[in-house]
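Down below is the structure, laid out as structure tokens.
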Amino acid sequence: MAIKKYSIYNTILEKFILKLGDKFYKVHYTDELSRWRRIKILSKEEINKLQEDNLKKLLIHSIEKIPFYKKLKTDVDLSDGDVIKNLKKFPIMDKGLLKSELDNLVLGDINKLTKHMTSGSSGIQGETYESLNEQLSQRAIINFLWEWSGYRM
């Protein structure tokens with residue numbers, strides 16, 4: 001009997017309460033959690049393909065939308081299918097470069113993003129910015145990992 005109640009509560013939480021929260025805050029938490037549940041059942045080959053496709057999308061997005069990468073004018077050719085070769089054409093980002101190019105790396109209104117800072121123990125204090133959707137995506141991954149170990153909301 002307790003298992004049925006737990007299942008009912010879980011269904012109500014996921015199908016109604018969390019979906020309502022997604023609509024209210026204009027986020028995609030429940031979609032992201034479902035996406036990770038689907039990824040869990042993929043084969044190794046399918047995961048490798050998904051990884052390659054996502055990396056390609058990220059590189060395309062970077063060179064088309066982010067000012068820092070636009071002005072680099074790298075000779076990236078994503079039509080050749082070798083995503084890793086193209087990734088190597090992108091600069092290695094360290095804290096100094098991130099700090100000096102921050103305005104050219106953040107896409108959108110920086111005031112609407114959540115700021116995270118490192119301690120600066122390496123000599124340079126680092127900072128990153130995330131949207132609410134990015135934060136909730138990370139929370140969905142954490143919930144998914146908890147589910148993998150037997151926990152359910």
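The values are calculated or read from the model by the stated rules, or taken from the named source; none is laboratory data. This structure is a prediction, so every number in the text was calculated from the model and none was measured. Note that we place each Cβ from the backbone using ideal geometry, even for glycine, and neighbour counts take in every protein chain shown. Accessible surface is based on the protein model in full, side chains and every heavy atom, while ligands, DNA and RNA are left aside. Shrake-Rupley method; radii C 1.70, N 1.55, O 1.52, S 1.80 Å.
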Quiz item: Amide H of Ile66: which non-local residues (sequence gap of 5 or more, or other chain) have their own amide H closer than 5 Å, using H built in the peptide plane?
Solution: none
Quiz prompt | Dipole magnitude of the chain about its Cα centre (Cβ charges: Lys, Arg +1; Asp, Glu -1), debye to nearest 20 | solution = 560
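Around Arg38, under 12 Å between beta carbons, what's the net of Lys plus Arg minus Asp minus Glu among the other residues?
Working: positive: Arg35, Arg37, Lys40; negative: Asp31, Glu32, Glu46.
Once positives and negatives cancel, what remains is 0.
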Quiz item: How much length, in nm to one decimal, is gained on full extension between Ile39 and Asn104, taken as 0.36 nm per residue of separation minus their Cα-Cα distance?
Solution: 20.1 nm
Quiz prompt | Angle between the chain longest axis and helix 44-65 axis [Cα atoms, degrees, rounded to 10] | solution = 50
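Stretched out fully, how many nm does the piece from Gln135 to Lys88 gain, at 0.36 nm a residue minus the Cα gap?
On the way: separation 47, 0.36 × 47 = 16.92 nm, distance 2.76 nm.
Here the segment from Gln135 to Lys88 would lengthen by 14.2 nm.
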Quiz item: Cα axis of helix 29-39 to longest principal axis of the chain: angle in degrees, 0 to 90, nearest 10?
Solution: 90
Practice problem: For helix 132-148, report the angle its Cα long axis makes with the longest principal axis of the Cα atoms of the chain; keep it between 0 and 90° and round to the nearest 10°. | Solution: 50
Quiz item: Can you work out ³J(HN,Hα) from phi for every residue in region 103-120, in order, using Karplus 6.51 cos²θ - 1.76 cosθ + 1.60 and θ = phi - 60°, giving whole Hz and x for Gly and Pro?
Solution: 4, 8, 9, 8, 9, x, 7, 4, 6, 9, 10, 8, 8, 10, 10, 8, 6, x
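With a 1.4 Å probe and all protein chains left in place, how much of the accessible area of the chain comes from carbon and sulfur atoms, in whole percent? Walk me through the numbers before you get to the answer.
Working: 6720 of 11330 Å².
About 59 percent, which is the carbon plus sulfur part of the accessible surface.
Would you calculate the convex hull of the Cα atoms in the chain and tell me its volume per residue in Å³? Mind dumping the intermediate values first?
Values: hull volume 25.3 nm³, N = 153.
Residue-normalised Cα hull volume stands at 165 Å³.
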